[in-house]
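Engineer: Here it is: the structure, laid out below.
What follows is calculated from the coordinates using simple rules that are stated; it is not laboratory data. It should be emphasised that the depicted structure is a prediction, and the values quoted were computed from it without experimental measurement. Reconstructed Cβ throughout: ideal geometry from the backbone, glycine too, with neighbour counts over all protein chains shown.
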Amino acid sequence: MFKNLMEKLINTASLDKTKDACSRMHWHSISPGSCPWALPEEYAYMKQIIMDTNFVMLPFMYKVDIFSEIDRLIDFPYVLCILDKTLVELQKVINTQKGKHKAAAKLALELINQAGVHTIPTADGSVDDLLLEQDAIIATQDAALVKRLKTHNKKVIQLRQRKYLILK
């Protein structure tokens, strides 16, 4: 599935087009008075895995199928999530970077959209601080964030040897 999705994204993604990818994202509505981090009821029993900006760009930087690797790694019900600020960071990469980083960010937005990753609306603050507040597994490659997460006893998913994911 991942290989077909990657081929489709690469073949259909035009790097010259400047579509606003964030406008195509699926934003979950929140009922009044509910917690802004709450997932829809059908996912309440599942553990959240929140992906960071650099993590969602891995498939295009290192040709790693993050979805099948997470399936291999995790043996309990989970739901993949991403913070709304991560989508903003990806859009910022698209607008300010060039070359492979820009292409990876564009394709990451498409992959997030097609894979049905749930978007979590957030309050003001840095992405790293918001990730620390969550009772979730965090998927990231950011070394400074990994250190902070470990001091807070959070589980982390990371890429090893540019080939596979590990859970720490």
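Engineer: Once Rh for region 30-168 is found with the Kirkwood sum over Cα pairs, what is the Stokes-Einstein diffusion coefficient at 37 °C and 0.692 mPa s, in µm²/s?
Structural biologist: 212
Engineer: Could you derive backbone 3J(HN,Hα) for region 139-146 from the dihedral phi with the Karplus parameters 6.51, -1.76 and 1.60 (θ = phi - 60°), listing whole Hz in sequence and x where the residue is Gly or Pro?
Structural biologist: Working through the residues one at a time gives 9, 7, 10, 6, 4, 5, 5, 4 Hz.
Engineer: Step through the table entries Lys47/Lys168; Lys106/Lys155; Lys63/Lys102; Lys102/Lys168, compare each Cα-Cα distance with 22 Å, and write down the pairs that go over it.
Structural biologist: The answer is Lys106/Lys155; Lys102/Lys168.
Engineer: Mind ranking 80-86, 152-158 by how tightly packed they are, going by the mean number of other C-beta atoms within 10 angstrom, highest first?
Structural biologist: 80-86, 152-158
Engineer: HN-Hα J couplings of region 121-126 from phi, Karplus 6.51/-1.76/1.60, θ = phi - 60°, integer Hz, Gly and Pro as x?
Structural biologist: x, 10, 8, 5, x, 6
Engineer: Going by Cα centres, region 55-69 and region 128-168 are how many Å apart?
Structural biologist: Their Cα centres are 15 Å away from one another.
Engineer: Determine the equivalent ellipsoid of region 72-148 by diagonalising the alpha-carbon gyration tensor, then write out the semi-axes as square roots of 5 times the eigenvalues, largest first, rounded to whole Å.
Structural biologist: 21, 17, 13
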